[in-house]
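Input: a single structure, listed below in structure tokens.
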């Protein structure tokens, strides 16, 4: 059956600066590019036959995907870009340093904003909101490709990918709270004809 490969973008400039990024369109760093190169080389050993790629409307995911495709010798792979795969919008926290924010609002409050399922930061999205934006696109555009026995590559963001992981692995809101998606560590899901996960490999 088809496979879905999920890759979180490489380190961004605001990852480096420990800032809440959300929908702010920052680039990846030199380290982020190196992470993407390693991920692409690792994927090349897996014998995947990608027919389609999907990414967000933000340059850090698009830059990561470009490097992945270069390493896979697939620079012209058909690609769809959509804001449905964008990172969670962090509202008033965007641009703020995470450590400084914790000092201002308290560690517990910041942890709730970052890791709870349905609590929004001020003027931002919760993970639940992100899932409600991401999953219709995933089930309508991405999942059917894999069910049709095609391999697809998704380069996106920590929280949009957490929403997809939650869906694929049938996790509860409590379970997904403990899940972190590492930068440029490809997750390969092998699916059956009904879209259920048969196996999972993390490179």
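Okay, here's what the table says:
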| read-out | value |
| --- | --- |
| Members of the stretch 67-92 found to be in contact with a strand residue (DSSP E or B) (Cβ under 9 Å, 6 or more places away or on another chain) and part of a helix (DSSP H, G or I), listed by number | 67, 68, 69, 85 |
| Residues that are farther than 22 Å from residue 39 by Cα and within 13 Å of the chain's Cα centre (by Cα), drawn from the stretch 139-166 | 166 |
| Residue count, the stretch 1-19 (criterion: surrounded by 24 or more Cβ atoms within 10 Å (Cβ to Cβ) and assigned to a loop (DSSP other than H, G, I, E, B)) | 2 |
| Matching entry among 133, 185 (being within 11 Å of the chain's Cα centre (by Cα) and at negative phi) | 185 |
| Search result, residues across the stretch 26-38 that are outside any strand (DSSP E or B) and either surrounded by 21 or more Cβ atoms within 10 Å (Cβ to Cβ) or modelled with pLDDT under 95 (or both) | 32, 35, 36 |
| Wholly enclosed helices (runs of 4 or more DSSP H) of the stretch 101-203 bearing at least 1 residues modelled with pLDDT of 95 or more and either surrounded by 16 or more Cβ atoms within 10 Å (Cβ to Cβ) or in contact with a strand residue (DSSP E or B) (Cβ under 7 Å, 6 or more places away or on another chain) (or both) | 127-137, 143-147, 158-168 |
| Exclusive hit being surrounded by fewer than 16 Cβ atoms within 10 Å (Cβ to Cβ) and within 20 Å of residue 135 (Cβ to Cβ), set 83, 41 | 83 |
| Residue in the stretch 151-168 that is out of contact with any helix residue (DSSP H, G or I) (no Cβ under 9 Å at 6 or more places or on another chain), touching a residue at least 12 places away in the same chain (Cβ under 8 Å) and under 28 Å from residue 42 (Cα atoms) present | yes |
| In the stretch 41-63, the residues that are within 15 Å of residue 151 (Cα to Cα) and in a helix (DSSP H, G or I) | 43, 44 |
| Failed item, numbered, when residue 13 is tested on (1) over 26 Å from residue 123 (Cα atoms); (2) in contact with a helix residue (DSSP H, G or I) (Cβ under 9 Å, 6 or more places away or on another chain); (3) without any contact (Cβ under 8 Å) to a residue 60 or more places away in the chain | (1) |
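The values are calculated or read from the model by the stated rules, or taken from the named source; none is laboratory data. On a predicted model such as this, the values are computed, not experimentally measured, just so you know. Every residue, glycine among them, receives a Cβ derived from its backbone with ideal geometry; neighbour counts consider all protein chains shown.
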